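Accompanying notes for the structure given below.
Values quoted throughout were computed directly from the atomic coordinates according to the rules given, and no laboratory measurement underlies them. Source: prediction; values computed, not measured. Don't worry about glycine lacking a Cβ; one is built from the backbone with ideal geometry, like all the others, and counts go over all protein chains shown.
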Amino acid sequence: MIFDVRLPIGLLFLAIGLLVAAVGLTGDPKVFEAHSAGLNIDVVWGGVMAGFGAVMLVLAAIHRRHTPPSADEG
């Protein structure tokens, strides 16, 4: 059986993305207004990372569901 790297990559990106988004949501809005033209970069990229992680987890689940069991797995 080949190791499917989508599962740990998905978990990693989902966890880090949620942490980055949480930091952005709890941060001081005045900092974002002064440094990034009012755009909260942490929330945006945290969402992108969490979305990528969720896509990887969905792809891993689809692959696991559609892969027939091999003779070695019993």
Net charge of neighbours whose Cβ lies under 14 Å from the Cβ of Asn40, counting Lys and Arg as +1 and Asp and Glu as -1
-2
Relative to a virtual label point 7 Å from the Cα of Phe52 in the Cα→beta-carbon direction, which members of the range 1-29 show backbone nitrogen distances below 17 Å?
5-22
Taking Cα atoms, the helix 6-26 axis meets the longest principal axis of the chain at an angle in degrees (rounded to 10) of 20
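Helix-derived [θ] at 222 nm for the chain: sum -39500 (n - 2.57) over DSSP H runs of at least 4, divide by residue count, nearest 500?
Rounded to the nearest 500, the figure is -24500 deg cm²/dmol.
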Counting only residues 5 or more apart in sequence or on a different chain, those whose built amide H sits under 5 Å from that of Asp4 are none
Round to the nearest 10 and give me the degree value, 0 to 90, for the angle of helix 41-66's Cα axis relative to the longest principal axis of the chain.
10
Based only on Cα atoms, what mean projected area does the convex hull of the range 6-67 have, in nm²?
4.0
